[in-house]
Amino acid sequence: MPGCDFGTLRSVLLKRPGEAFVSQPAIDRQWEALHYSDRPVLGNAIREHHRFSALLENLGVDTHYLPRDDSVGLDSIYVRDASVVCDRGVVLGRMGRARGPAGVPSRAWLANRGDDTWGRTTRGW
């Protein structure tokens, strides 16, 4: 079922921790202000993500990755929070906290993939 949050996962959009977190010093500067329950460790996040994405790929899931974007921060790892795929395209959202676009994929990136941008929210969820 295209555009649903249940059923067989066929395609997924992820962001690698190295692209979202960038470096341990960047994590150390941001994590507390974002109210994370604990300080992420970049090496651990990379290893866990590798196991997770390998599992998805081994199950035949078509896996896509957002590129690094220096205009966003740690929360850009939460791709699902910032965009929703539906039958007619992608709705670009905004994270609830007032700190920028978080992990929202750009219209240009989506267009290069051949995805339609169907809408964009103008306020937090």
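The values are calculated or read from the model by the stated rules, or taken from the named source; none is laboratory data. Predicted, not measured: the structure shown is a model, and the values here were computed from it. Please note: Cβ atoms are built from the backbone with ideal geometry, for glycine as well, and neighbour counts cover all protein chains shown.
Laid out as a table, the results:
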item: Residues that are among the β-branched types (Val, Ile, Thr) and either at pLDDT 75 or above or surrounded by fewer than 18 Cβ atoms within 10 Å (Cβ to Cβ) (or both), drawn from segment 52-93; result: VAL61, THR63, VAL72, ILE77, VAL79, VAL84, VAL91
item: Failed criterion for PHE21 (all others in (1) at pLDDT below 80; (2) out of contact with any strand residue (DSSP E or B) (no Cβ under 6 Å at 6 or more places or on another chain); (3) of a type outside the set (Gly, Ala, Ser) hold); result: (1)
item: Segment 12-69: number of residues that are in contact with a Phe, Trp or Tyr (Cβ under 8 Å, 6 or more places away or on another chain) and either hydrophobic (A, V, I, L, M, F, W, C) or at positive phi (or both); result: 6
item: Residue in segment 35-51 that is at pLDDT 95 or above and touching a strand residue (DSSP E or B) at 6+ places or on another chain (Cβ under 9 Å) present; result: yes
item: Members of segment 19-63 that are under 17 Å from TYR78 (Cα atoms), touching a helix residue (DSSP H, G or I) at 6+ places or on another chain (Cβ under 6 Å) and either without any contact (Cβ under 8 Å) to a residue 40 or more places away in the chain or not aliphatic (A, V, I, L, M) (or both); result: PHE21, GLN30, PRO40, LEU42, ALA45, ILE46, HIS49, THR63
item: Sole exception among (1) at pLDDT 85 or above; (2) out of contact with any Ser or Thr (no Cβ under 8 Å at 6 or more places or on another chain) for ASP116, by number; result: (1)
